1. Find out how many positive minus negative residues lie around E92, taking Lys and Arg as positive, Asp and Glu as negative, among other residues whose Cβ is under 11 Å from that of E92.
2. Find out how many positive minus negative residues lie around E66, taking Lys and Arg as positive, Asp and Glu as negative, among other residues whose Cβ is under 14 Å from that of E66.
3. Quick check: net charge around T115, other residues with Cβ under 13 Å of its Cβ, Lys/Arg +1 and Asp/Glu -1?
Amino acid sequence: MTTDQRPPMNPISASLFAAVERLQEVIASAPMIDPWYHEVRRALDSCVLAVEFHLRELDGDGGIKEVLGRQEPRLISRMDRIDAELQHLLPELEVANNAAVPPSAALLGPLLHLTKELRQVAHEEVALVYESLTPTGSGD
């Protein structure tokens, strides 16, 4: 399914935090889900959708990068870094999704690493938005 064919996302399905949370739940429930890898693949698909949504919102016409870049040029390098991290995560998610069959204990390490990366970029996005709302020079 291409990005253009996907339905619009609601705030929960667009959330990197929600997608990572679901992936962590699936990883933790590995012994209880049969077959586990179907749930892993579904959770990874949700992560892909969330990352693609965030990339569109960041880079699309009238996106955050364009608007915030005009208003707060000091944040452009941080937006570029988040963009690069999101771009890097897409192939990692694809590799993990392809590795999800057949299920293997060897998959747990890479999945846990991937959830850490996803959560980190989600936190960076939140920090960026917070900083964009904080006037330059104001202290905590």
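1. Values: positive: none; negative: E85, E94, E117.
Taking every other residue near E92 into account, the sum is -3.
2. -3
3. Values: positive: R22, K116, R119; negative: E21, E25, E92, E117.
With Lys, Arg at +1 and Asp, Glu at -1, the neighbours total -1.
Every number in this text was worked out from the coordinates using simple rules, so none of it is lab data. Values in this document were obtained by computation on a predicted structure and should not be read as measured data. Every residue, glycine among them, receives a Cβ derived from its backbone with ideal geometry; neighbour counts consider all protein chains shown.
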